[in-house]
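The values are calculated or read from the model by the stated rules, or taken from the named source; none is laboratory data. Bear in mind that the values here come from a model prediction, so they are computed numbers and not experimental data. Here the Cβ positions follow ideal geometry from the backbone for every residue, glycine too, while neighbour counts run over all protein chains shown. Note: areas computed on protein heavy atoms with side chains; ligands, DNA, RNA excluded. Shrake-Rupley method; radii C 1.70, N 1.55, O 1.52, S 1.80 Å.
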Amino acid sequence: SLQDQFDNLEKHTQWGIDVLEKYIKFVKERTEIELSYAKQLRNLSKKYQPKKNSKEEEEYRYTSTRAFLATLNELNDYAGQHEVISENMTSLITGELSRYVQELKQERKAHFHDGRKAQQHIETCWKQLEASKRRFERDCKEAERAQQYFERMDADINVTKADVEKARQQAQLRHQMAEDSKAEYSSTLQKFNSEQHDHYYTHIPTIFQRIQEMEERRILRIGESMKTFAEVDRQVTPIIGKCLDEITKAAESVDHKNDSQLVVEAFKSGFEPPGDVEFEDFTQPMKRTVSESSLSNSRGDGKPEPKFGSKSKGKLWPFIKKNKLMSLLTSPHQPPPPPPASASPSAVPNGPQSPKQQKEPLSHRFNEFMTSKPKIHCFRSLKRGGAGPEDFSNLPPEQRRKKLQQKVDELNRDIQKEMDQRDALTKMKDVYLKNPQMGDAASVDQRLAELGQNIEKLRLEVQKFEGWLAEAEGKLPVRPEQARRQSELYEPQSSCAQDRESPDGSYTEEQSQETEMKVPATDFDDEFDDEEPLPTIGTCKALYTFEGQNEGTISVAEGEVLYVIEEDKGDGWTRIRRQEDEEGYVPTSYLEVYLDRNAK
């Protein structure tokens with residue numbers, strides 16, 4: 001029936017709207033995925049970006065790390081394109097389709113309202129026709145009964161004439177009513193047939209046509225949205241391709257030769273390699289005796305030892321005098337003082353007199369010196385000792401030249417900044433002089449004077465550092481006091497290596513299991529400062545009070561409990577820590593150590 005068709009169309013159009021809403025939900029979830037992906041990419045790029053004013057920025061001078069930085073930047077742009085995808089899909093698809101769904105629902109409601117109205121109208125016309133038909137049928141039956149009654153009355157001789165006339169009039173009246181009902185029924189029938197024709201051939205087809213057009217527009221709209229879905233992705237594909245091309249270009253710019261050369265330049269010291277060690281002839285007893293006794297007599301006699309003559313003097317290690325080299329060839333640690341009960345604390349400046357040990361052959365000491373590796377804690381103790389000299393004379397020649405050049409460039413930039421400020425204030429003052437209503441020209445005089453003083457100070461600083469730079473580059477002769485300061489700087493002063501001279505000027509050798517070298521503080525000291533603190537391996541209790549006056553040592557009070565972070569390596573010293581940041585060496589004999597291998 002027609003009503004069944006309306007029900008089918010209503011169900012189908014509702015299903016079409018559900019499909020549209022499902023597609024809108026799908027696109028919305030896709031936009032959320034794109035935004036989440038873009039956010040994660042941006043966070044990833046930000047996470048691996050170099051931190052400002054950190055050592056990571058220095059690492060980005062290498063082509064490989066610069067390529068990685070370019071990759072991070074391009075990845076950030078790549079994430080931006082996914083945000084564009086999300087924005088375009090939201091505006092062009094979900095937003096448009098959501099508005100269209102609301103319009104579609106209103107249109108569908110109107111069409112089915114018109115259909116129901118037309119259906120109700122034709123049903124009303126049908127009811128009117130049925131009522132007219134029943135009335136005509138009833139009137140016809142009444143007229144027939146009235147006619148039959150009149151005929152019976154007229155044939156009956158016992159009925160009066162007046163009753164017959166009355167029956168005749170009633171029969172005529174009923175007949176007239178039947179004729180009127182017939183005419184009304186005929187008119188109602190014609191009207192119904194006309195309405196029914198219009199209903200089935202005009203109104204309903206028009207409504208169905210509108211519903212069909214509405215449905216076709218819905219299908220077309222969802223197809224266009226799917227096309228837009230692909231076009232939004234396709235629009236950003238060229239930009240994403242450019243991002244990938246830039247990443248490829250950055251990768252191709254990696255230059256291994258350049259990076260390795262930068263490493264060479266960064267750590268090049270400028271030191272001369274040590275000269276050849278002369279042969280010591282031990283086949284002659286007299287020469288051997290002289291060789292072994294030279295360490296203790298050379299300083300007292302004031303005569304240089306011929307074993308290390310002028311030919312090789314100064315070539316074993318730059319800026320280190322011969323007697324200092326000899327002290328390096330002996331044990332690098334000052335021996336720990338014995339407990340207070342065993343010796344007088346006045347024997348040496350920082351503790352009791354160290355017991356004399358049996359001397360070892362010089363060749364054995366030299367082999368230890370050449371094969372030993374510097375300990376990391378030496379660098380840490382050097383750094384803790386304080387900042388280096390202003391002229392960077394504590395650095396190797398090449399590193400010193402670079403530092404001085406950087407300092408000169410930095411000062412020149414500061415001068416330029418001050419001059420720019422002075423020029424700006426000078427122009428402001430001229431404006432104030434020409435237009436007093438804009439400001440007081442005298443108000444900038446004090447600032448101009450300060451800038452002039454700052455510029456003069458900076459220029460003096462530049463001259464000072466340029467002089468040191470010229471000296472480092474060999475343009476000026478090295479001053480004697482400068483050379484002497486450099487030599488003394490490289491003498492062992494810390495806990496890493498001590499110059500052990502007896503009060504009479506002779507040298508003493510002390511027993512040591514390993515040799516450590518005094519290394520000047522350089523740029524890579526910061527690497528040791530930034531390293532993780534050593535883990536504790538146990539605890540200890542101070543048996544005696546120890547005044548740690550040497551660099552690298554730490555003072556402890558009797559009965560104090562501390563953490564052990566490095567056990568005795570055979571040199572008589574144990575490395576301990578107090579709190580989180582105070583650490584140093586204490587004689588092992590002054591401590592009662594409790595090692596715990598499982599301690600953190």
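So here's what we get for this one:
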{"item": "Zone residues, segment 109-153, relative to Gln196, backbone N less than 20 Å from point 7 Å out along Cα-to-Cβ", "result": "116-138"}
{"item": "Cα-centred dipole magnitude for segment 392-473, charges only on beta-carbon of K, R (+1) and D, E (-1), debye, nearest 20", "result": "120 debye"}
{"item": "Overall dimensions of segment 538-595 as given by Cα atoms, namely Rg and Dmax in Å", "result": "9.8, 26"}
{"item": "Dipole magnitude of segment 49-154 about its Cα centre (Cβ charges: Lys, Arg +1; Asp, Glu -1), debye to nearest 20", "result": "540 debye"}
{"item": "Loop GluC sites (Glu not before Pro), segment 547-582, which have at most 10 other Cβ atoms in a 10 Å radius of their Cβ (DSSP)", "result": "Glu580"}
{"item": "When each of Lys242/Lys417; Lys268/Lys569; Lys249/Lys403; Lys52/Lys403; Lys47/Lys227; Lys133/Lys161 is checked by Cα-Cα distance, pairs over 30 Å", "result": "Lys242/Lys417; Lys268/Lys569; Lys249/Lys403; Lys47/Lys227; Lys133/Lys161"}
{"item": "Taking all pairs of distinct alpha-carbon atoms in segment 392-473, Kirkwood radius in angstrom", "result": "14.6 Å"}
{"item": "Square roots of 5 times each gyration tensor eigenvalue, C-alpha, segment 5-262, largest first, Å", "result": "93, 13, 9"}
{"item": "Segment 5-262, accessible surface, carbon-and-sulfur percent (1.4 angstrom probe)", "result": "52 percent"}
{"item": "Whole-Hz couplings from phi, Karplus 6.51/-1.76/1.60, listed for segment 212-219; x for Gly and Pro", "result": "5, 4, 4, 5, 5, 5, 4, 5"}
{"item": "Förster radius 22 Å - calculated FRET efficiency between Ile33 and Glu224 (Cβ-Cβ, nearest 0.05)", "result": "0.50"}
{"item": "Positive-end residue of Thr124, Phe136, Thr188, charge dipole of segment 90-203 with Cβ unit charges", "result": "Thr124"}
{"item": "Sparse-neighbourhood loop sites, GluC sites (Glu not before Pro) in segment 410-479 - DSSP loop, at most 16 other Cβ within 10 angstrom", "result": "Glu473"}
{"item": "Phe279, Phe192, reordered so the largest accessible area comes first (probe 1.4 Å)", "result": "Phe279, Phe192"}
{"item": "Computed label-point distance, nm, for sites Gln102 and Glu450 using a 7 Å Cα→Cβ extension", "result": "6.1 nm"}
{"item": "Sparsely packed chymotrypsin sites (Phe, Trp or Tyr not before Pro) within segment 1-98, loop by DSSP, other Cβ within 10 Å at most 16", "result": "Tyr48, Tyr60"}
{"item": "Heavy-atom accessible area per residue - segment 538-595, 1.4 Å, Å²", "result": "47 Å²"}
{"item": "Nitroxide proxy distance, nm - points 7 Å out along Cα→Cβ at Lys464 and Ile239", "result": "5.4 nm"}
{"item": "Gln49-Ile17 FRET efficiency (beta carbon distance; Förster radius 60 Å; 0.05 resolution)", "result": "0.80"}
